[in-house]
Every structure is written in C-alpha cells, then in structure tokens.
Amino acid sequence: MTISRDVARDLFVTGLKNAHATASQGKTMVQAQLNRIENYPDVEVKLNSHLAEKEAQLQRLETILDDLGESPSAFKDATMSTLGFIGSLGDAMAGDEIIKNSFATFALANYEAAAYATLIVMGEAAGETDAIGALEASLNEEKAMAAFIAEHLPAVGMRFMQLRSQGLQASH
C-alpha cells in the first residue's frame, strides 16, 4: 500500500505541532519541580539538565516547523503548558510530591519518546529527511530521561521513606 507524501507531510506537521505543545508542557512541569525540590540532589541535577534539553527540543521543533513554512500552535502550547502547571500544583499539594512527580516525568518522557519515534517515521514518509537528526536527538533525550527515572525511582522511594520515618520534610 502506498502512502501519499502530501498526507504524510500533513500528519508530520500536525505531529510536530503536537510534540511542541507536549514539550512545552514538559518544560513547565520540570520548572515547577525545580522550584520546589529540596532533598533529592541527583534528581535536581537531572531535572536541570532536562530543562536545557526541553529548551533545545522546543528550538529543534520550531526550526523544523519553520523550514516547512509552519509554526507551533499557540493554542496547543498554552493549553498543554497550563495543564503541566496544574498537574504540578496538584502534585505539590500531595504528601508524596516527589513520588508523583517521578511517575509523571516517567510517563511524559515515554510519551514524548513514542511521539518522536513516530515523527521520524512520518518525516521519512514525507521525504523530510533533514528533520530526522533533530528528532533522533530529542528521542534519545527522552529515552535517557525515562531510563534515569526508572533507575533512580527505587532510591528516591527509599529516601522518601527514610525522611518520613525521621519526621523530616520528604515530599520534595
């Protein structure tokens, strides 16, 4: 079965706009976590690094869209960023904020990795091979973030329980 390049391009552009909005949401979530984290220095270092990655991902997506004569969706960006902020506020009110933030970050990193992997396929089908390298860089960053969370979640959980057991602030 053949794939129309025009259809592939339209889907690619829509996917890029959606990925930009999701990266905006991720950036907002990371910033909110960084504003509150106190007792998890390894996580704080990784979040700072990931914030820089989120900014680079947004720039890459904007460059790809610009090269295609398109631009990000301001509505989608604002909506997703607001959702990220609201989600972070909800987690901040929880007594286990660090645990919930870890789950949310893990989920979003895997979601974004899936989106970038799909965008690579769509970009290839659309003949937009110049975009592939940038998308692969973002894919690798999100896979690395998900792997970091998976690797560190047991230690975060243990530290959380230790701090709580000592009557100390453990949520963030």
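Taking 7 Å steps out from each Cα toward its Cβ at Gln31 and Met1 produces label points 4.2 nm apart. Residues within the reach of a label modelled at Ser49 (point 7 angstrom out along Cα to beta-carbon, backbone nitrogen below 12 Å), restricted to segment 112-144, are 141-142, 144.
Sorted from longest to shortest, the spans of the Cα atoms of segment 5-165 along the three principal axes equal 59, 28, 21 Å. By the rule of a C-alpha distance below 21 Å, with chain neighbours fewer than 8 residues away ignored, the lysines paired with Lys143 are Lys17, Lys27, Lys46, Lys54, Lys100.
Taking a point 7 Å from the Cα of Asp96 along the Cα-to-Cβ direction, the residues of segment 135-155 with backbone N closer than 15 Å to it are 153-155. For the pair Glu124 and Ala147, a Förster radius of 30 Å applied to the C-beta separation gives a FRET efficiency near 0.75, rounded to the nearest 0.05. Straightening the chain between Gln166 and Asp10 buys 50.6 nm, computed as 0.36 nm per residue apart minus the Cα-Cα spacing.
Compared with the dominant principal axis of the Cα atoms in the chain, helix 132-165 is inclined by about 10°.
Every number here is computed from the coordinates shown, using simple stated rules; none is lab data. These numbers come from a predicted model, not from an experiment. Cβ: placed from backbone, ideal geometry, glycine included. Neighbour counts: every protein chain shown.
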